[in-house]
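J.: Submitted below is the structure of interest, expressed as structure tokens.
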Amino acid sequence: MSGGSYNYLCYAQDLEDLQSHRHELEAMAARLAGLGYAQDAARETEELLLLLRQWEVRAAARLQRLTAVWKAVEWWDSCDSGEDGVQDALSKYRGDTEGTPAP
């Protein structure tokens, strides 16, 4: 029988691969923990899962803050709006309550 019991988790090469194999990572951590003699590898796999979760939360928060700025720049560079849109988006991003861009 060939491999694939964990959806070829062993071939994950980057963060995107790991994100898409979250269930397999959880299953692998449990399997390693169940072996009794692979506690160190189980623990490190669990730590990797924790790091992925932390990264997702942090990245989502930054994404939420930056989306309007990115949109404003993209629309300006596509000639759909002007520089004022970027300045307004940056003002909101920075929390400028008066609505004027920061120097």
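J.: For the stretch 2-24, name all the residues that are out of contact with any Asp or Glu (no Cβ under 9 Å at 6 or more places or on another chain) and not in a loop (DSSP other than H, G, I, E, B).
T.: If the condition is that a residue be out of contact with any Asp or Glu (no Cβ under 9 Å at 6 or more places or on another chain) and not in a loop (DSSP other than H, G, I, E, B), then 10, 15, 16, 17, 18, 20, 22, 23, 24 are the ones that fit.
J.: Something else now. Given (1) hydrophobic (A, V, I, L, M, F, W, C); (2) open to solvent by 60 Å² or more (accessible area, probe 1.4 Å); (3) at pLDDT 95 or above, where does residue 42 come up short, assuming only one miss?
T.: With (1) hydrophobic (A, V, I, L, M, F, W, C); (2) open to solvent by 60 Å² or more (accessible area, probe 1.4 Å); (3) at pLDDT 95 or above applied to residue 42, the lone miss is (2).
J.: Also, quick follow-up: Give the residue, chosen from 37, 8, that is of a type in the set (Ser, Thr, Tyr), over 29 Å from residue 93 (Cα atoms) and surrounded by fewer than 12 Cβ atoms within 10 Å (Cβ to Cβ).
T.: Matching residue, one of 37, 8: 37.
J.: Hey, among 9, 66, 49, which residue is in contact with a Leu (Cβ under 7 Å, 6 or more places away or on another chain) and touching a residue at least 24 places away in the same chain (Cβ under 8 Å)?
T.: The unique qualifying residue is 49.
J.: So, one more: Can you work out which of the residues in the stretch 49-67 that are open to solvent by less than 60 Å² (accessible area, probe 1.4 Å) and more than 12 Å from the chain's Cα centre (by Cα) is farthest from residue 87 (Cα to Cα)?
T.: Residue satisfying both the conditions and the ranking: 49.
The values are calculated or read from the model by the stated rules, or taken from the named source; none is laboratory data. Because the structure is predicted, anything quoted here is derived from the model rather than measured. Here the Cβ is made from the backbone with ideal geometry for all residues, glycine too, and neighbour counts use every protein chain on show. These area figures cover heavy atoms from the full protein model, side chains too; ligands, DNA and RNA do not enter into them. Shrake-Rupley method; radii C 1.70, N 1.55, O 1.52, S 1.80 Å.
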